[in-house]
Amino acid sequence: MNPLAWWRWQALFENRAIFLQGLGQTVLASALALGLALVLGAVFGVMAVSPWRLPRWLNRAYVEFTQNTPLVVQVLFLYLGLPYAGIMMPVLWVGVLGLGIYHGAYVAEVVRAGINSVHRGQLEAAYSQGFNYFGAMRHIILPQAARVVLPPLTNQALALIKNSAVLAMIAGGDLMYYTDSWSSDTLHYGPAYIVAGLLYLVLTLPLAWLTTNLEVRLGRGQRGVA
């Protein structure tokens, strides 16, 4: 039997609302998780270059643990473990929390690299003007680092969208969850996964183009400065 027969595609089209609902949940979860990842990444990225030992140690503990354990394990740990701690939340929010924490570690490394790309003399100059460490970071260092970190941050957003498929493992109501459920019920696996892949491409290709464009512009700017 042809897995891509026309009548299978017709069945998918008649149930397109299911896939659009999953796509909407994927967009929502990705946007919320990205916001959390940016906040965590900014905080821990600044901690990574702190002049104090404790913040640097906390940053390394967070980054090393998060980057060296699978995302699936982290999300399942939150999904199964939070109720034992008396914390009940919707499945979507569990996925957002897992994705945000996981990608926050990578964003922290991006922020750390961006801060380190700013010449050390900028921080010393800020101190000479009366700024403390946090004021210097906020007003002097981070604005200069932002231009450097934009391309890799966009790349992290792209990776986060693809990794959002992990929500399917905890019935998160995302695109992959509805694709798995619908194709299992109807056995129309071919059209279901092709359409799911295309919908993910709709989300990721613009970000991939933006990442490349930002990298090219940054490269031109650096050559211009040189």
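Any read-out appearing in this document is the output of simple, stated calculations on the displayed coordinates, not a laboratory observation. From a predicted model like this one, the values you see are computed outputs, not experimental measurements. Here Cβ is always computed from backbone atoms with ideal geometry, including for glycine, and neighbour counts include all displayed protein chains.
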So how far apart, in nm, are the two label points at GLN122 and ARG53 if each is 7 Å from Cα heading toward Cβ? 2.9
What whole-number value in cubic angstrom gives the convex hull volume per residue for the C-alpha atoms of the range 6-221? 136
Acute angle (nearest 10 degrees) that the helix 91-117 long axis makes with the longest principal axis of the chain, alpha-carbon atoms: 30
Evaluate the distance, in nm, between pseudo-label points positioned 7 Å from the Cα of TRP9 and of GLU64 along their respective Cα→Cβ axes. 5.3
Taking 0.36 nm per residue of separation between GLU215 and MET1 and subtracting their Cα-Cα distance, the length gained on full extension comes to 72.3 nm
Among ILE115, ILE194, ILE87, which comes first, then next, by fewest other beta-carbon atoms within 10 Å? ILE87, ILE194, ILE115
Cα axis of helix 189-225 to longest principal axis of the chain: angle in degrees, 0 to 90, nearest 10? 20
Extension reserve of the ALA17-LEU187 stretch, reckoned as 0.36 nm per residue once the Cα distance is removed: 59.4 nm
Might you report the magnitude of the Cβ-based charge dipole of the range 6-221 about its Cα centre, with Lys and Arg at +1 and Asp and Glu at -1, to the nearest 20 debye? 680
Pick from GLN144, GLN156, GLN129 the residue whose mean-square fluctuation is largest in a GNM of the chain, springs joining Cα atoms under 10 Å. GLN129
So what's the back-of-envelope 222 nm ellipticity for the chain, counting only DSSP H runs of four-plus at -39500 (n - 2.57) apiece and dividing by all residues, rounded to 500? -27000 deg cm²/dmol
Here the FRET efficiency for ALA171 versus ALA113, based on Cβ atoms and R0 = 35 Å and rounded to 0.05, is 0.45
Taking only the alpha-carbon positions of the range 128-198 as identical scatterers, the Debye log10 I(q)/I(0) at q = 0.17, 0.22 Å⁻¹ comes out as -0.72, -0.93
Taking a crude spin-label model, label points 7 Å out from Cα along the C-beta direction, the ALA146 to ALA31 distance in nm is 2.1
Express in nm, to one decimal, how much length is gained between VAL39 and LEU80 on full extension, taking 0.36 nm for each residue of separation and deducting their alpha carbon distance. 12.3 nm
On Cα atoms only, tilt of 71-81 relative to the major axis of the chain in degrees: 80
